[in-house]
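**Student:** I have a structure I would like to understand better, so I am pasting it below and will then ask my questions one at a time.
The values are calculated or read from the model by the stated rules, or taken from the named source; none is laboratory data. Owing to the predicted nature of the structure, the values given are computational and were not obtained by experimental measurement. Cβ coordinates were reconstructed from backbone atoms using ideal geometry, including for glycine residues, and neighbour counts include every protein chain displayed. These area figures cover heavy atoms from the full protein model, side chains too; ligands, DNA and RNA do not enter into them. Shrake-Rupley method; radii C 1.70, N 1.55, O 1.52, S 1.80 Å.
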Amino acid sequence: MGVRTANVKDGDIGQTLESLAATIHGRWDHDPAQSYTSKLLNGEEDELLKKLAEESSEVIMACKDRDHDHIRYEMGDVLYHLLVTAERYGVTLPELAGELNARMH
């Protein structure tokens, strides 16, 4: 479990996801030794996939503990790793939004 984030304030999820996705997209050409995101984008496929599974499990455990702040923290980790996964495999946020929108009808 990571250190909990202090002073969390509500934000605009769409704007936050778009900004984070843009930052992730820009990490392709960074040195993997200097950028964790670049390491996930350019490194062994299994490293990213294992990390996604690990973070998902941590959300589950936080939910079992009914620890709101921990759940939020781990969900942030899952969303980050999902966005890295989307970038690595070429799934855009508009495409993902379309997928989710199609399921609401």
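**Student:** Which longest run of the chain has no exposed loop site in it, a site being trypsin sites (Lys or Arg not before Pro) in a DSSP loop with at most 12 other beta carbons within 10 Å, and the site itself not part of the run?
**Tutor:** 10-65
**Student:** Taking 0.36 nm per intervening residue step and subtracting the Cα-Cα distance, what contour gain separates Glu95 from Gln15 on full extension?
**Tutor:** Full extension from Glu95 to Gln15 adds 27.2 nm.
**Student:** Using heavy-atom solvent-accessible surface (probe 1.4 Å) with all chains present, what is the largest-first order of Glu55, Glu18, Glu87, Glu99?
**Tutor:** The ordering from most to least exposed comes out as Glu18, Glu99, Glu87, Glu55.
**Student:** Show me, for the stretch 89-94, the HN-Hα J-couplings you get by feeding each phi into the Karplus relation (A = 6.51, B = -1.76, C = 1.60, θ = phi - 60°), rounded to Hz, glycine and proline as x.
**Tutor:** Going residue by residue, I get 9, x, 9, 8, 4, x Hz, with x marking Gly and Pro.
**Student:** To check my understanding: the extent here is largest minus smallest coordinate of the Cα atoms along each principal axis. What are those three numbers for the stretch 8-53, in Å, largest first?
**Tutor:** 34, 25, 16
**Student:** Another question about this same structure. Can you spot the lysines whose alpha carbon is less than 18 Å from Lys50's alpha carbon? Ignore those fewer than 8 places along the same chain.
**Tutor:** Cα-Cα hits under 18 Å: Lys39.
**Student:** For the chain, give the magnitude of the charge dipole about the Cα centre (Cβ charges: +1 Lys/Arg, -1 Asp/Glu; no others), in debye to the nearest 20.
**Tutor:** Dipole size: approximately 220 debye.
**Student:** Right, next: Keeping every protein chain present and rolling a 1.4 Å probe, give me the accessible area per residue for the chain in Å².
**Tutor:** Solvent-accessible surface per residue comes out at 72 Å².
**Student:** Next up: Explain nothing, just the number: relative contact order of the chain, from Cα pairs under 8 Å at least 6 residues apart, as a whole percent.
**Tutor:** After rounding, I find 28 percent.
**Student:** Placing one identical point scatterer on every Cα of the chain and ignoring solvent, what is log10 I(q)/I(0) from the Debye formula at q = 0.10, 0.13, 0.16, 0.22 Å⁻¹?
**Tutor:** So the normalised log intensities work out to -0.32, -0.55, -0.83, -1.30.
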